Amino acid sequence: MTDQDLVELAFTMLDKSYAPYSHFPVGAALEGEDGTIYTGCNVENAAYGSTLCAERTALVKAVSEGCRSFTRLAVVGRSADYCWPCGSCRQMLYEFSPNLTVLVARQDHTFFKTTLGQLLPHGFGPASLD
Ligand code: THU
């Protein structure tokens, strides 16, 4: 699967997004180390703080299915700028794959390729507890 393919899969998740409060749908596609793709969308809640981001939806789907190591993540929205993962998502992803490749897309389906290490330098992970 190409990077663009993964981005397009994330775009298909925008229709599943539940975002009646922000009206800001987000889609994600997370690739496990065996090639399995776990998709996600943001799921909002009337108690706003209970909202779950698209990336964390994909991540908890994966971990609950037994996958704990990831190679690539695509995050997409319908905004003109790239859809950057929030701090909480960066932290949650760092726990499992600090070397993750991250593809952030714009509404025109163009994307920027970076790494979780770039997005969360000097992250706090499992080894930090040693
Ligand atoms: N959102 C995500 O799904 N992922 C992020 O990394 C940033 C924010 C969602 C949460 C909320 O439903 C909406 O975008 C506006 O913040």
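The values are calculated or read from the model by the stated rules, or taken from the named source; none is laboratory data. The shown structure was predicted, so the numbers you read here are calculated from the model rather than taken from an experiment. Counting neighbours? That spans all protein chains shown, and the Cβs are built from the backbone with ideal geometry, glycine included. The area values use the complete protein model at the heavy-atom level, side chains included, leaving out ligands, DNA and RNA. Shrake-Rupley method; radii C 1.70, N 1.55, O 1.52, S 1.80 Å.
A few notes on this one:
- Charge-dipole axis of the range 16-130 as Lys and Arg at +1 and Asp and Glu at -1 on Cβ define it, positive-most pick from Pro20, Ser69, Gln91: Pro20
- Between Gln4 and Asp130, the C-beta separation translates, for a Förster distance of 35 Å, into a calculated FRET efficiency of about 0.35.
- Rounded if a/c under 1.5, otherwise prolate or oblate - the range 38-130, Cα gyration tensor axes: oblate
- Listed residues Ala62, Ala80, Ala46, most fluctuating in the chain (Gaussian network, C-alpha, under 10 Å): Ala46
- Net +/- balance of residues flanking Phe11 in space, Cβ distance below 12 Å, scoring K and R +1, D and E -1: -1
- For the residues Gly32, Gly40, Gly66, a GNM of the chain with alpha-carbon springs under 10 Å puts the largest fluctuation on Gly66.
- Global form of the range 1-89, assessed from the alpha-carbon gyration tensor, a/c cut-off 1.5: oblate
- Rounded percent of accessible protein surface that carbon and sulfur make up, the chain, 1.4 Å probe: 53
- Fully extended contour minus Cα-Cα distance, from Glu33 to Thr51, at 0.36 nm per residue: 3.7 nm
- Of Leu116, Leu73, Leu52, the one that fluctuates the most in a GNM where the chain has Cα springs shorter than 10 Å: Leu52
- Calculated [θ] (222 nm, deg cm²/dmol) that DSSP helices of n ≥ 4 give over the chain, each run adding -39,500 (n - 2.57): -7500 deg cm²/dmol
- About the centre of its Cα atoms, the chain shows a dipole size close to 240 debye [charges on the beta carbon of Lys, Arg (+1) and Asp, Glu (-1) only; nearest 20 debye].
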